[in-house]
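Scroll down for the structure; my scribbles are underneath it.
Nothing in this text is a laboratory measurement; each read-out follows from the coordinates by a stated rule. As the structure is a computational prediction, the values presented were derived from the model and not from experiment. A quick note on method: Cβ atoms are made from the backbone with ideal geometry, for glycine too, and the neighbour counts reach across all protein chains shown.
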Amino acid sequence: MGRIPYKLFVTFVMLGTSLAVASPQNLNMFNPVSPAATPIRDLFFLVFGVIGVIFLITEGALILSIFKFRSTGKETKEPPQMYGSNPIELAWTVVPVLIVFVLFLVTTRSIYSLDMQEPPEGALRVKATGHQWWWEFEYEDLGITTAGELHVPKGVPVFVELRSADVIHSFWVPRLAGKIDCIPNRENHMWFQADEIGTWYGQCAEFCGTQHAKMLIRVISEDKKDFDSWATNQLLPAVEVPTPMNGKDTFLSLACINCHTVQGVTHQGGFGPDLTHLMSRDTIASGAAENTPENLTKWLLNPNSIKDGCLMPNMMLTENQVASLVEFLTTLK
Ligand code: CUA
């Protein structure tokens, strides 16, 4: 009887440890770098410890009984039967109630300590919108719109307003904060503060359609100085670089402009990601592929080859058109 729970327990612990130790993508929630993630980790360990002790006591008693009171096959009559014991029944009612009550109080305290209704003094405000299947980040105070990659200054609280453009998504960067859903026609919010410089990976945590798995988030925390220079560059309109194949004219002549904005060139499209500073991003398609001319070419020839089912249609472009577009896109530094 005790074997299956025991195996489950061992599998769980092994899975947890391997995730914790080998997390190449920096997804380890047990190693927070933000004061918004630390209470979640602490609460997890507390609850895990309490239930672990309960598990050991109950399983211990079970296994002990199995071996100590096992039938020898020679008994001639039933062992003495016992009905009702006030002290025992009181104990196994009161003790669990107390445990549940304590866990309830600690959990409530953690939830309240993390819930922030208004941005704190000096916070950076960001509006994050989940789309099928990419993230849009707007820094309204700074006038910046970007996609897929969220730059933040180190050590500064970031207040995130979460929305959805279509279905329910969930914003989760495990080392920075807990997960909060993005719900259509509703605004949720959360906060985090990256106390170290680095790239923190995240993932849409609510199934939202075919490409849910490729709806990645990168939070890049950097020194104030680097963040400011990134922000300054983002505020510039797209660079005007005449290219041999007239890439910009190709871009303007095709349906691209119906969905994509390039500040200074065209600003009617809001359905797809803003491309003004496309080349300042490490990845395309919300982390699905590295941002290289080869991948851009592959993407434009057939977006489905990188992200099956994605909402950017295959525009049936010729190889020349694609080459010309890539030439233009790679000037968008
Ligand atoms: Cu968006 Cu899952």
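In table form, for the structure just shown:
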quantity	calculated
Lys, Arg +1 and Asp, Glu -1 on Cβ, resulting dipole of the chain about Cα centre, debye, nearest 20	1420 debye
Rounded Å value of the spacing that divides the Cα centres of the stretch 210-264 and the stretch 119-172	16 Å
Of 80, 174, 237, the one that fluctuates the most in a GNM where the chain has Cα springs shorter than 10 Å	80
Hz values of 3J(HN,Hα) by residue in the stretch 249-263 - Karplus curve (6.51, -1.76, 1.60), Gly and Pro given as x	5, 4, 4, 5, 7, 9, 6, 3, 5, 5, 10, 10, 9, 10, 3
Principal axis box of the chain, alpha-carbon based, largest edge first, Å	99, 48, 35
Sorted by Cβ density within 10 Å, fewest first, the residues 190, 279	279, 190
Rel. contact order, % - alpha carbon contacts under 8 angstrom, at least six apart, the chain	15 percent
Alpha-carbon Rg with Dmax, taken over the stretch 292-333, Å	10.1, 28
Residues residue 48 and residue 72, FRET efficiency given R0 of 45 Å [Cβ-Cβ distance, rounded to 0.05]	0.70
Ranked 85, 34, 229, criterion: other C-beta atoms within 10 Å, fewest first	85, 229, 34
DSSP beta bridge pairing in the chain, given as percent antiparallel to the nearest 5	70 percent
Amide H within-cut-off set for residue 150, under 5 Å, with H built and near neighbours excluded	218, 219, 220
HN-Hα J in Hz across the stretch 155-169 - Karplus 6.51, -1.76, 1.60, θ = phi - 60°, x for Gly and Pro	x, 10, x, 10, 9, 10, 9, 10, 9, 10, 8, 8, 10, 7, 10
